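> My questions will all concern the structure given below.
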Amino acid sequence: MRVMLFGSVAVLAACAPARPERDVAADAAKAALTQARDRGDDTAQSVAAQEARAVVVRYFDRIAAKDFEGARALWGNGGADSGGSAADLARTVTIYSRYEPEVGKPTAIRARDGMQYVAVSAKLFVQNRKTGRTADRQGTVMLRRSANENDSDPGKRDWRIWAIDLRVKS
């Protein structure tokens, strides 16, 4: 009887679909992918933080090239977060005969309410074209993007500037 019972169980087991063994490493990789896809907090050395820094570099490069429309486009909400037009940006910059930015390091990325935020340090040396007066400014350029990397709006999916605070050094 035991042989017959064992034989029946063996036949049933052989006919049943194979159950994959649980792969702990694969589960950990899936969890890491999900976390990366959901874009939460991240370190200042991360690729994402360096991408944000690259946006700030591009912003100042466009200003140096007098591409004010392109610089404004790096602001959020289609440039509206800049608070003005490309012509307004041109007016604030062209008063300087020297406009020398220096982009620093990003902070760690923080996520809140479906958005990621990062600040990038920056310095700016300017010289007024008419008076010759100079000023050293320093502060931060703040950027944000959607925490959902699959957001259908590229204006929300990519890093965009939402504020710049560069004050005269005391």
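The values are calculated or read from the model by the stated rules, or taken from the named source; none is laboratory data. All values derive from a computational prediction rather than experimental measurement. Glycine also receives a Cβ, built like all others from the backbone with ideal geometry; neighbour counts cover every protein chain displayed. Please note that ligands, DNA and RNA were not included when accessible areas were found on the heavy atoms of the full protein model with its side chains. Shrake-Rupley method; radii C 1.70, N 1.55, O 1.52, S 1.80 Å.
> Looking at the stretch 57-170, what % of the alpha carbon pairs are farther apart than 17 Å?
58
> With unit charges on the beta carbon (Lys/Arg positive, Asp/Glu negative), name the residue among Gly70, Thr92, Ala80 whose Cα is farthest towards the positive pole of the charge dipole of the stretch 64-103.
My answer, from the dipole projection, is Thr92.
> Using the per-residue mean of other Cβ atoms lying within 10 Å as a proxy for protection, in what order, highest first, do the peptides 61-73, 125-137 fall?
Top of the packing list down: 61-73, 125-137.
> Can you put Ser85, Ser46 in order of accessible area, largest first, using a 1.4 Å probe?
Ranking Ser85, Ser46 by accessible area, largest first, yields Ser85, Ser46.
> Modelled label-to-label distance, Lys169 and Ala65, 7 Å Cα→beta-carbon offset: nm?
2.9
> Which stretch or stretches of the stretch 54-68 have amide N atoms under 17 Å from the point lying 7 Å from Ala86's Cα along the Cα→Cβ direction?
58-68
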